[in-house]
Amino acid sequence: MSLLGTYIRDIDRYPLLTREEEKTATPDELVKHNLRLVVSVAKHYGSSTLSLEDRIAEGNCGLIIASRKLKPELGYKFSTYATWWIRQCVSRAVHENRTVRLPEPFINLLGQYHEMRDRFLSKHGRLPKSWEVCRHLNCTTKTYKELLKAERRTITSFQDMGIQDSKPYD
């Protein structure tokens, strides 16, 4: 049996609490008895690049937050309140994990920028100024700044993966 299958079998041992039981339950008991809710919410984000196990882990964080912040005197059923926190945590994780795809013309312009920058550096012994890049690429300053941002994001992603020999160009 898979790890996920074992987890789901284990959490099935904890039945949902009644409204009366919720009022006297500790935060840990609220969490234990609502883990199936997390799995249910996490499955709704099935088209994401984040694995179901990771979505469940993020949802569990939301469930824990809900159990700590619940104010029973407001009269909300815990599962209703917890669903909001679970969704917040799962959707944030899914959003942060999303791969950003650049449009093809922008990728081509980025390639032209790299070529121009390398030629300029070898010819002049320095990196080109922004106005020199804009003139050569026939682009606006705004587009040039977007190129630099895209390049920095790529470098940051490489560094996050442990590749350290990439350096940003300013």
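The table for this structure:
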| read-out | value |
| --- | --- |
| Distance histogram for segment 1-137 (every C-alpha pair counted, 5 angstrom bins, percent rounded to whole numbers) | 2, 9, 15, 14, 11, 8, 6, 5, 5, 6, 6, 6, 5, 3, 1, 0 |
| ³J(HN,Hα), Karplus 6.51/-1.76/1.60, whole Hz, each residue of segment 55-72, x for Gly, Pro | 5, 5, 4, 5, x, 4, 4, x, 5, 5, 4, 4, 5, 7, 9, 4, 10, x |
| Whole-percent carbon and sulfur share, accessible surface of segment 57-128, 1.4 Å | 54 percent |
| Set of lysines near Lys32 by C-alpha distance (under 27 Å), chain-local residues within fewer than 8 positions excluded | Lys23, Lys43, Lys69, Lys71, Lys77 |
| Potential extension, Lys69-Glu104 segment - 0.36 nm per residue separation minus Cα distance | 8.0 nm |
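The values are calculated or read from the model by the stated rules, or taken from the named source; none is laboratory data. All values reported here derive from a predicted model rather than from experimental measurement. Please note that ligands, DNA and RNA were not included when accessible areas were found on the heavy atoms of the full protein model with its side chains. Shrake-Rupley method; radii C 1.70, N 1.55, O 1.52, S 1.80 Å.
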